[in-house]
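Just below is one structure, and these are the notes that go with it.
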Amino acid sequence: MTVVPFRPRPQTTRQAQAVSAQSSRIVKPPAGIKAIGIDLGTTNSVVSVFRDHLEQPETLAYGSNANLVPSVIHWDPELSHESVGKKAFEQSNGDLSAIIRSTKRLMGHPEHFFSSNGRSYSPEQSATSILRYLAQHPVLQNELEVNKGLWAVVTVPAHFDDAARLATIAAAESAKINVLRIVNEPTAAALAYSMLPDVRHVEQETLVVYDLGGGTFDVSVVERDGLVFNVLASEGDVQLGGDDLDHALAEHLISQVQPPFAARRIKSGTPAYKELLQLAEDAKKSFQTVGQVQIKNESLDEMGAHIDITLQRDVFEKLAAPFIEKTLILTERAIHAARKKAKNISRILLVGGSTRVGLVRKMLEQYFPNCLVDARLEPDLAVSWGASLQAAIILGLDPSTILVDVCSHSLGVGVAEDSRSIDENFKKVSKKFGILTAISEEQLQNLLGDRVSEFHRELRGLLRVAPIVHRNSAIPSKRSEFFNTLYDNQSAVQVIVVQGEGETVSENRLIGTFMFQLKQPCPAGSKCEIQLTYDQNGMVHVLAKQLETNNQAEAVFDSRTGEVSGWIAISDQEFDTAQQATGVSSNSFPTDVAPELPHDQPKSSSSLQQNAFLVKARRQLMRKKFGSAESLQLNQMIAQYEELLARSASGDDCDDDLDTLEQSLERYLES
């Protein structure tokens, strides 16, 4: 596909309603519900409730007047019981190796797991456990009983990608919490600071929200005009936060462990290292008020390793400085992206527990000498306060405030400039796989076997990215670009959607792919429109159209799994088969390398009937609530049907099983 100049095309009301319907996954909230804001943090989580008669939201306390709930989990195998928060620390009896913590950094990565006494949790499951615990507060339980449900705004780091946002929503839904909206943490904090009495009268100002939490860093530039908040730009790093300061100090402490040879066996993840990590975190907090800290532990492990030293604050600050320097560079980059200068910034708002480190404020004041560093709000509570205010705005309890947020990642599709670039990409990947002569697709399959999928992923990764929705666009955002097909008689286009700022597909986060079938005949240069939408939660919707026809396909990607709802998702193996059947696609083999495959052979009527049947079943699946029993049952039946089709195509005699399952599916779809 080749890029042609962008010409915006208005979307019809019907299409807009379709996207809106798929975008909204929650039950409509009833009148009279409370405005609840949840800050699901890396280190601590907080819940606040907006009440219009109070100067600030009410932050819920979870035992002993504690507003902060540690985002940690402990599993007791003897009692088969799960503990969250402070109780998790109590139940661990000092065994920190049995504590699950800092899982937020890996949200959207279901392949990663954390373990507590043999029980594994994915990042999403960890978030579900924490949210389920938060929902047990008496105020929220009363809300659940009265209104038959909980509705809340949940915050995420501004730099969370689509998969992480989807995982957060799924975790909340698993905890029986309906998500009114996903809001970026710095944006929520800016709303919270607007409640301060001495700034309510300020008509216009440009703010920088500097949010350094336990596991992530975000910075946003916000323009305020009265009660209208317009986010101009966001930057951040989901792998940068207070945890990095703890790890840097823990690594330093290893060199101080006695006897000296004991340090060699203390590696990341070992019980001794986790003990040092806790000592480092405690020392970091102590340095907020004192200049030196005694660090002592007489039994780091069962082999006699111990430590007893006095550490000076300047040693800690020397270790912490490189990480804080990174946040300053990101802050400067955000200001530049907002087309502002430091002299235009009235205040830098400090948010997140790690901003309590004295070096943060010191370095900010040195780096931005003309900006007021504002730390008047409790840094751990500001985000949840702002989230509850955003909930009040959505529910109409505070309709005077308007919030306009931005997307933190660009969104685009993989494209080839021309057939020559496809030739070059194919030869480059072939050489990497040791293929030095031109071969057919069948020979490629025989030669590579199971590695053929890896070959196609490499080939796809070399495609150039054509950005459609640019980073820091206001959300919700909807934009289109127009593309041309490359070959005569091209019958399909694989739409490859990526998120990020890289120039090629492989340099970005793959959101998902699907095959868009074209109406025949389709000469080279036929135009297609690809429309990408960031919804109000910063998640992705795709619409593909073949111009001058009524042919279109809409897809909503679950970027945690790569699954597509609303259209047919195909696996790498199915994509290889589709290439053989259709001959060409947006990144197919060049005809001078692989022989042109027949694409004018009509499919059998039974094959067409089965494909139509699958389309009908998948569209029915799209209408089911994600994760429901009906959705899981239908998804399992479709998977079994596809497996039987594949077996039948390979010569396996399973026609009776296929007919039986087809009848069951047909009855299910008609019910």
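Some observations on this one:
- Some residue of segment 501-512 being basic (Lys, Arg) and farther than 25 Å from residue 233 by Cβ: no
- When the strands (runs of 3 or more DSSP E) confined to segment 473-541 are screened for residues that are closer than 29 Å to residue 161 by Cβ, among the aliphatic types (A, V, I, L, M) and modelled with pLDDT of 85 or more, those reaching at least 2 such residues are found at 492-499, 527-534.
- The listed residue being more than 20 Å from residue 193 (Cα to Cα) and surrounded by 19 or more Cβ atoms within 10 Å (Cβ to Cβ), out of 435, 422, 393, 439: 422
- Number of the exception - residue 465 against (1) at pLDDT 80 or above; (2) buried (at least 18 other Cβ atoms within 10 Å of the Cβ); (3) out of contact with any Cys (no Cβ under 8 Å at 6 or more places or on another chain); (4) over 25 Å from residue 534 (Cα atoms): (4)
- One residue stands out in segment 431-465 among those that are free of Cβ contacts under 8 Å to residues at least 12 places away in the same chain and within 34 Å of the chain's Cα centre (by Cα): the one that is nearest to residue 513 (Cα to Cα), namely 454.
- Residue 503 vs. criteria outside the structural domain of residue 163 (by TED's automatic domain parsing), surrounded by fewer than 23 Cβ atoms within 10 Å (Cβ to Cβ) and within 17 Å of residue 481 (Cβ to Cβ): yes
- Lone qualifier among 302, 317, 298 - being among the acidic types (Asp, Glu) and under 34 Å from the mean Cα position of the chain (by Cα): 317
- Residue within segment 282-289 that is assigned to a helix (DSSP H, G or I), surrounded by 13 or more Cβ atoms within 10 Å (Cβ to Cβ), polar (S, T, N, Q) and at pLDDT 90 or above present: yes
- Residue match in segment 399-420 (condition: assigned to a helix (DSSP H, G or I) and farther than 30 Å from residue 66 by Cβ): yes
- Residue within segment 172-179 that is crowded, with 24+ Cβ neighbours inside 10 Å, assigned to a helix (DSSP H, G or I), in contact (Cβ under 8 Å) with a residue 40 or more places away in the chain and small (Gly, Ala, Ser) present: yes
- Answer residue from segment 75-87, given it is hydrophobic (A, V, I, L, M, F, W, C) and under 15 Å from residue 128 (Cβ atoms) and is nearest to the chain's Cα centre (by Cα) among those: 84
- Subset of segment 185-240 that is more than 21 Å from residue 161 (Cα to Cα) and among the β-branched types (Val, Ile, Thr) - its residue that is surrounded by the most Cβ atoms within 10 Å (Cβ to Cβ): 208
- From the options 355, 310, 331, residue that is within 23 Å of the chain's Cα centre (by Cα) and of a type in the set (S, T, N, Q): 331
- Candidates 334, 263, 320 - the one that is more than 30 Å from residue 383 (Cα to Cα) and part of a helix (DSSP H, G or I): 263
- Taken over segment 617-671, the criterion of being modelled with pLDDT of 70 or more, out of contact with any helix residue (DSSP H, G or I) (no Cβ under 7 Å at 6 or more places or on another chain) and hydrophobic (A, V, I, L, M, F, W, C) is satisfied by 639 alone.
Table: residues versus (1) among the acidic types (Asp, Glu); (2) touching a Leu at 6+ places or on another chain (Cβ under 8 Å); (3) assigned by TED's automatic domain parsing to the domain that holds residue 58.
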| site | (1), (2), (3) |
| --- | --- |
| 123 | no, yes, yes |
| 126 | no, no, yes |
| 135 | no, yes, yes |
| 142 | no, no, yes |
| 147 | no, no, yes |
| 151 | no, yes, yes |
| 156 | no, yes, yes |
| 162 | yes, no, yes |
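- For residue 148, the conditions (1) without any contact (Cβ under 8 Å) to a residue 12 or more places away in the chain; (2) surrounded by fewer than 15 Cβ atoms within 10 Å (Cβ to Cβ) all hold with the exception of (1).
- None of 228, 209, 290 is in contact with a helix residue (DSSP H, G or I) (Cβ under 7 Å, 6 or more places away or on another chain), over 23 Å from residue 70 (Cα atoms) and of a type outside the set (S, T, N, Q) except 209.
- Count of residues meeting criterion [among the hydrophobic types (A, V, I, L, M, F, W, C) and over 23 Å from residue 409 (Cα atoms)] in segment 229-252: 4
The values are calculated or read from the model by the stated rules, or taken from the named source; none is laboratory data. Since the structure is predicted, the reported quantities are computational estimates derived from the model, not experimental observations. Glycine gets a Cβ as well: all are built from the backbone with ideal geometry, and neighbour counts include every protein chain shown.
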